[in-house]
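Just below is one structure, and these are the notes that go with it.
Every read-out reported here was derived from the displayed coordinates using simple, explicitly stated rules and does not represent laboratory data. It should be emphasised that the depicted structure is a prediction, and the values quoted were computed from it without experimental measurement. So basically every Cβ, Gly included, is an ideal-geometry build from the backbone, and we count neighbours across all protein chains shown.
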Amino acid sequence: GVDHAIQYLDALVVGAGFGGVYQLKKLRDHGYSVKLVESGSDYGGVWYWNRYPGARVDTANPQYQFSDPALWEDWEWKQRFPRSAEIRAYFAHVAEIWDLRKDTKFDTFVTAATWDDQEATWTVKTENGDTYKAKFFLLSTGFAAKRYIPDWKGIDKFKGTFIHPSYWPHEEPDLKGKKVAIIGTGSTGIQIATELGKVAGELYIFQRTLNMSLPMRQVDYNDHDHGYPKSGYPEIFSQRTTSFGGFDFNFLPRATFDDTREKRLQTYEELWAEGDFKFWLATYHDMLFSLSANHEAYTFWRDKTRAKIRDPVIADMLAPMDQPYAFGTKRISLETGYFEIFNQENVHLVDVNATPIQEITELGIKTSEKEMEFDYIICATGYDALTGGLAQIDIKGRSSPSRTSRPESLKEHWENGTLTYLGLAVSSFPNMFIQYGPQAPTALCNGPTCAELQGDWIVGLLDYMREKGLKRIEAKSESERKWKEDVLKFANATLLPQTKSWYMGDNVPGKVREPLIFLGGVPEYLRRLGECRDGGYEGFVME
Ligand code: NA7
């Protein structure tokens, strides 16, 4: 066999999306020995995996990139909302300018990590037999590292092609004239549907919950116009820290009913016309907090959306007169003609609440009503979001007082609900930090933004430990309990807990229902991080 020598490092970073790439660059600049390992074969994280037709980001540029001028000075985006392939090209640019490849190992899935309290190091093992020993174990696995596919009977019997969109074949399948099913109408499902509506012979979309998607105003840039002058970039990036969602915009300083009806409709029209997230996160500040305010936003969305759909029965399924759930409490998607595809003869909508999927058969999908034949089943059912990608690694921390006989695994630690301190650290898992994980502003705040905000804080902490000659840091379990209370408090002030969503852990059967993201907003989150740091990393034990 191949001899896999143990590699000794200051830090091992897992995951080559925005978070991991930033950590590698920053830690190396600060003089640490660091390696980045990634299960995919190149950079990009979710953008490495998601290559399905229509895959693109919902954050408008120039926000969706790193703030380092060395990167943006000679990079020109081709679209306001870049497609997956363009984001991968951007990652290749980043890797070149930041010289990342020499310290990155691809095709390397981390299976296990064990903390050694004597040595104060992590021993990390990978599927291909590598072993690393690192003082710090940094998880940048993102919120969508573990796919979720419902355990329908018969998936293995299907004679056609069954695809989770994040495993889209690199060689584009020819779907022209084919009978295609898409299960799921999250961001992924509606992006694919919009593209496949143009080519598939028959397209059946299986909807469990309708998507309150907003229109995307895509812009193709040309050689002269890149949408925004680069001289304004630093200002855009600086606004990340003062915006609720880490963008260059914020909620309005007014509540919904502070305005007259006329003024309100005009405001909604203006936000709508922006064609980005503004109707969600730059609207009246009470929209996500008050049912009556939320209902106003829904009504506007509903009327705009119904106007696009010819068949009133389909309109009732996609944008019903009675509000089905609070607007914006599931992840808002941006669409480019999704609702209009239902006006085509070849596109059909199946309500899986009325006729649930019972099993997958040799021929296709069997619902409670009938068996339907398909060439392709696209299973856009999402991810075991936020916690799944972390808990699937067999991470063993130190023995906690309640489990003296053996070290506790992260999965066990989270058995009855997620516990972190600041969404970054976990008690009884010393020298381990999580980026873009649960109980942080993850997914509210986008990848590059969170990568920098959390990444800078983590690197600052490592620098502090080096200066003080400290070897070990661990979050107190009391800090975790308090953080959980805060996460709950902020979530309960919003309408989000009233809706079933992956923000609340609802999408995976058996998962604990709890708010999985920090909903206090980015400025409040940064205030907490700053307070902790300025108090000499309060809430941690350091040795
Ligand atoms: P999402 O947003 O989790 O969407 C998954 C979709 O699949 C959603 O419409 C689900 O309905 C549906 N689903 C899940 N399980 C089933 C079953 N058993 N039967 C029928 N339908 C089902 O994942 P995406 O990949 O679209 O997006 C993930 C994130 O990536 C996105 O939010 C952005 O941040 C980018 P439900 O709504 O749960 O009723």
Quick one: length gained pulling LYS482 to LEU291 fully straight, 0.36 nm per residue minus the C-alpha distance?
-> 66.0 nm
Grab the DSSP H runs of the chain that are 4 residues or longer, score each as -39,500 (n - 2.57), total them, divide by all residues and round the 222 nm result to the nearest 500 deg cm²/dmol.
-> -8000 deg cm²/dmol
The stretch 1-88 shape via C-alpha gyration tensor axes, a/c threshold 1.5 = oblate
In Å, what Rg and Dmax follow from the Cα atoms of the stretch 116-163?
-> 18.5, 54
If you find the alpha carbon centre of the stretch 405-441 and of the stretch 350-371, how far apart are they in angstrom?
-> 39
28 Å Cα-Cα threshold exceeded, pairs from LYS157/LYS411; LYS102/LYS133; LYS146/LYS370; LYS105/LYS178 | LYS157/LYS411; LYS146/LYS370; LYS105/LYS178
Starting at the first residue of the stretch 375-383, write each ³J(HN,Hα) from the Karplus equation 6.51 cos²θ - 1.76 cosθ + 1.60 with θ = phi - 60°, in whole Hz, x for Gly and Pro.
-> 8, 10, 10, 9, 9, 8, 9, x, 9
Contour minus Cα-Cα distance for LEU265 and ILE155 (0.36 nm per residue) | 34.8 nm
What is the projected area of the convex hull of the Cα atoms of the stretch 149-289, averaged over all directions, in nm²?
-> 13.6
What is the stretch 325-372 by shape, rounded, prolate or oblate, if you read a ≥ b ≥ c off the alpha carbon gyration tensor as root eigenvalues and call it rounded for a/c under 1.5, prolate for a/b larger than b/c, and oblate otherwise?
-> oblate
FRET E, pair ASP225, GLU371, Förster distance 56 Å, beta-carbon r, rounded to 0.05 = 0.60
At a Förster radius of 51 Å, what calculated FRET efficiency corresponds to the Cβ-Cβ distance of ALA112 and ARG310, to the nearest 0.05?
-> 0.40
Please give the helix 187-196 orientation as an angle from the longest Cα principal axis of the chain, in degrees from 0 to 90, rounded to the nearest 10.
-> 50
Which ³J(HN,Hα) values, rounded to whole Hz and listed in residue order, are derived for the stretch 409-422 from phi using the Karplus coefficients 6.51, -1.76 and 1.60 in 6.51 cos²θ - 1.76 cosθ + 1.60 with θ = phi - 60°, glycine and proline given as x?
-> 8, 4, 4, 5, 4, 9, 3, 9, x, 6, 10, 9, 10, 6
What are the ³J(HN,Hα) values, in whole Hz, obtained from phi via the Karplus relation 6.51 cos²θ - 1.76 cosθ + 1.60 with θ = phi - 60°, for each residue of the stretch 135-151 in sequence order, with x given for Gly and Pro?
-> 5, 10, 10, 10, 9, 10, 7, x, 9, 10, 8, 10, 5, 10, 10, x, 8
Scattering from the C-alpha atoms of the stretch 489-543 alone, worked out with Debye: what is log10 I(q)/I(0) at q = 0.13, 0.24 1/Å?
-> -0.48, -0.88
In degrees, nearest 10, the alpha-carbon axis of helix 291-306 is tilted away from the dominant principal axis of the alpha carbons of the chain by 50
Roughly how tilted is helix 522-534, in degrees to the nearest 10 and between 0 and 90, from the longest Cα axis of the chain?
-> 10
Would you mind getting the Kirkwood hydrodynamic radius of the chain from its Cα pairs, rounded to one decimal in Å?
-> 24.5
Checked the stretch 38-192 against the a/c 1.5 cut and the a/b vs b/c comparison, axes a ≥ b ≥ c from its Cα gyration tensor; verdict oblate
MET372's amide H: which non-local residues (gap 5+, or another chain) put their own amide H closer than 5 Å, with H modeled 1.01 Å from N in plane and none for Pro or chain starts?
-> ILE365, LYS366, THR367
If all Cα-Cα distances of the stretch 381-452 are sorted into 10 Å bins from 0 onward, what percent lands in each bin, rounded to whole numbers?
-> 19, 50, 25, 6, 0
Would you calculate the separation in nanometres between label points at LYS176 and ASN492, each defined as 7 Å from the Cα along the Cα-to-beta-carbon direction?
-> 5.8
Spatial extent of the stretch 408-543: Rg and Dmax, with the Cα atoms as the point set, Å | 14.8, 47
For LEU252, list long-range residues whose amide hydrogen, built 1.01 Å from N in the peptide plane, is under 5 Å from its own amide hydrogen.
-> THR283, TYR284, HIS285
Bounding extents of the stretch 336-432 in its principal axis frame from Cα atoms, largest first in Å, are 62, 33, 23
Counting only the backbone N, which residues of the stretch 169-199 are under 14 Å from the spot 7 Å out from the Cα of GLN344 toward its beta-carbon?
-> 175-182, 190-199
Loop trypsin sites (Lys or Arg not before Pro), the stretch 238-332 (other Cβ atoms within 10 Å of the site Cβ: 14 or fewer; DSSP) | ARG310
Separation of alpha-carbon centers, the stretch 286-304 and the stretch 502-518, rounded to whole Å = 24
Fully extended, how many nm does the chain gain between THR241 and ARG217 (0.36 nm per residue separation, minus their Cα-Cα distance)?
-> 6.1 nm
